[in-house]
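Computed from the coordinates by the stated procedures, all read-outs in this text should not be read as laboratory data. Note that the structure is predicted; figures quoted are calculated from it, not measured. Note that each Cβ is placed from the backbone with ideal geometry, even for glycine, and that neighbours are counted across all protein chains shown.
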Amino acid sequence: MSAHTIATTRSAMGIPTGRLAVWWVLCSEIVIFGGILVSYIMHRLGHPEWGHQAAHTNLWIGAFNTLVLLSSSLSAVLAHQAAEQGNGPKAARLLFATIGGGATFLTVKGFEWTEEITHGMTIQSGGFWSYYYTAAGIHATHVLAGMVIMVFIAMAALKNRDLHRVELVGIYWHFVDIVWIFLFPLLYIAK
């Protein structure tokens with residue numbers, strides 16, 4: 001009897017069903033984030049005064065968090081490579097490093113938001129701050145979701161089980177990083 005369920009061994013259009021499912025989820029996420037980003041850009045073009053509000057974001061914190069997420073993507077790629085080589089424990093360690101990157105990102109974001117909010121820059125302080133907290137908050141929720149899913153996948157990988165899932169969670173994590181690559185310049189650089 002096979003250790004894989006039928007859902008993981010079937011394929012549609014030559015693509016394993018798990019991978020296809022992740023891509024379908026990401027397509028729906030593109031609609032969500034695409035709507036937020038296009039809406040932000042359109043409003044930003046119509047409200048040049050948002051530049052004054054955006055000037056209060058901390059470019060160095062945003063840049064640090066970008067470096068953290070990109071580094072966590074590297075460990076996700078290396079985890080996938082280890083999984084393909086059948087080395088589940090190594091893949092798990094690398095996934096835990098990726099989770100650490102996500103935790104660092106969220107911790108820094110928490111300190112950043114605390115600082116901004118204590119200085120009066122809340123979600124109600126203007127249009128820019130409303131978009132800033134909404135877009136960055138939805139992104140942070142996706143980072144947290146990815147970390148939680150990754151814990152379960154890493155625990156299975158430690159036992160050399162379901163190693164194909166390492167790739168799937170990596171695809172999701174790279175999407176989260178790509179979203180940040182769009183958010184960073186829009187929220188931190190374009191002042």
Query raised in the report: What number comes out for the charge environment of GLY51, summing +1 per Lys or Arg and -1 per Asp or Glu over other residues with Cβ under 11 Å away?
Result: +1
**Report entry** Partner lysines for LYS159 [C-alpha distance under 27 Å; skip if fewer than 8 residues away on the same chain]
**Finding:** LYS90
Query raised in the report: In what order do THR114, THR66, THR122 fall by count of nearby beta-carbon atoms within 10 Å, going from fewest to most?
Result: THR114, THR122, THR66
Query - Of (i) 33, 21, 14; (ii) 30, 23, 19; (iii) 36, 18, 12, the label for semi-axes √(5λ) of the Cα gyration tensor in Å derived from the coordinates - result: (iii)
Report summary line: The answer for trypsin sites (Lys or Arg not before Pro) in segment 135-171 that fall in a DSSP coil and have at most 15 neighbouring Cβ atoms within 10 Å is LYS159, ARG161
Query - the chain, helix-only ellipticity at 222 nm - DSSP H runs n ≥ 4, -39,500 (n - 2.57), divided by all residues, nearest 500 - result: -27000 deg cm²/dmol
